[in-house]
1. Examine the stretch 79-88 for a residue that is in the same structural domain as residue 59 (by TED's automatic domain parsing), touching a Gly at 6+ places or on another chain (Cβ under 7 Å) and assigned to a helix (DSSP H, G or I), and state whether such a residue exists.
2. Being part of a strand (DSSP E or B) and within 33 Å of the chain's Cα centre (by Cα) is the filter here; which residues of the stretch 197-243 pass it?
3. For the stretch 127-141, indicate whether the set of residues that are out of contact with any strand residue (DSSP E or B) (no Cβ under 9 Å at 6 or more places or on another chain) and of a type in the set (D, E, K, R) is non-empty.
4. On the given criteria, is residue 144 surrounded by fewer than 17 Cβ atoms within 10 Å (Cβ to Cβ), assigned by TED's automatic domain parsing to the domain that holds residue 221 and either more than 39 Å from the chain's Cα centre (by Cα) or not in a helix (DSSP H, G or I) (or both)?
5. Return only the number of the condition from (1) buried (at least 18 other Cβ atoms within 10 Å of the Cβ); (2) touching a Leu at 6+ places or on another chain (Cβ under 9 Å) that residue 152 does not satisfy.
6. Given the structure, is residue 210 at negative phi, in the same structural domain as residue 184 (by TED's automatic domain parsing) and exposed (fewer than 15 other Cβ atoms within 10 Å of the Cβ)?
7. Among the listed residues 104, 122, 129, 141, identify the single one that is over 24 Å from residue 209 (Cα atoms) and not aromatic (Phe, Trp, Tyr).
Amino acid sequence: MRPCPYCAETIEDQAQVCPFCNTNLAAPASASGFQSTPPLGNRETSGKAIASLICGILFFFLPSAIVAIIMGHLSLSDIRRSAGRLGGRGMAIAGLVLGYTGLAIIPVLIIAAIAIPNLLRARMAANEASAVGSLRTINTACVTYGTEYKSFPTSLANLGPGAQSNANAAGLISDVLASRQKSGYLFTYEPGPPQDGVIISYEVHADPVTPGTTGVRHFFTDQSGVIRVRMEGQATVESPPLS
């Protein structure tokens, strides 16, 4: 292997024509007995290569990515035909890589723009279904608690697990639900006023932790077991029942 005397690229020892600058290496030397090799230190950098690199850096803008690719190919062609007078091949290649990267990202962005909203809607629907299921679980637990302890609980914690089943920790719901937050929804339990020390009514609100992100609909239930729903604002006993 040896360097081309005109463009300094590495070529085969037996090469008659440089594959990079297309110079005929078999041509006779100049009258002075030396080949007219251009001074490599004074080679001019291709302006198109510089433009390709700059546009490539801005590849996140589609027009810049396209320009980077076009200018990169043009500059490489000019450099090959310049017989070593032009440099900047590395810049042109870098611009091409960045330009093609920009084009490759575009389909990913399009897919993300379509998929992310669908995933968000699916997640909210799953959270809402979980909230409705949790309200049914709470209603069932309250009925069981009332049968066992002759009163509805004073809080969700009374329905949660404990070291030993009693009125303070009946073990009727999971510790996650007893903590009042589950699957993007916040559950608020409100016992009714006691009558002769006995709680005979209650209300439970289920509201999205972040409306529009973890859920859209607001839910309500009470000792009747009917689950009610409202799109905006907290649901109440006046809200329509869930269909």
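The values are calculated or read from the model by the stated rules, or taken from the named source; none is laboratory data. Fair warning: this is a prediction, and the values are worked out from it, not measured in the lab. No Cβ is skipped: glycine too gets one built from the backbone with ideal geometry, and neighbour counts run over all protein chains shown.
1. Yes: the stretch 79-88 contains one or more residues that are in the same structural domain as residue 59 (by TED's automatic domain parsing), touching a Gly at 6+ places or on another chain (Cβ under 7 Å) and assigned to a helix (DSSP H, G or I).
2. 205, 206, 207, 208, 211, 215, 218, 219, 229, 230
3. Going through the stretch 127-141, the residues out of contact with any strand residue (DSSP E or B) (no Cβ under 9 Å at 6 or more places or on another chain) turn out to be 129, 133, 137, 140-141.
Pick out the ones that are also of a type in the set (D, E, K, R) and you get none.
No, that holds for no residue.
4. yes
5. The failed condition is (2).
6. Yes: the conditions hold for residue 210.
7. 104
Yes/no matrix, rows are residues, columns are (1) touching a helix residue (DSSP H, G or I) at 6+ places or on another chain (Cβ under 6 Å); (2) more than 17 Å from residue 7 (Cβ to Cβ):
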position: 47; (1), (2): no, yes
position: 77; (1), (2): no, no
position: 80; (1), (2): no, no
position: 86; (1), (2): yes, no
position: 89; (1), (2): yes, no
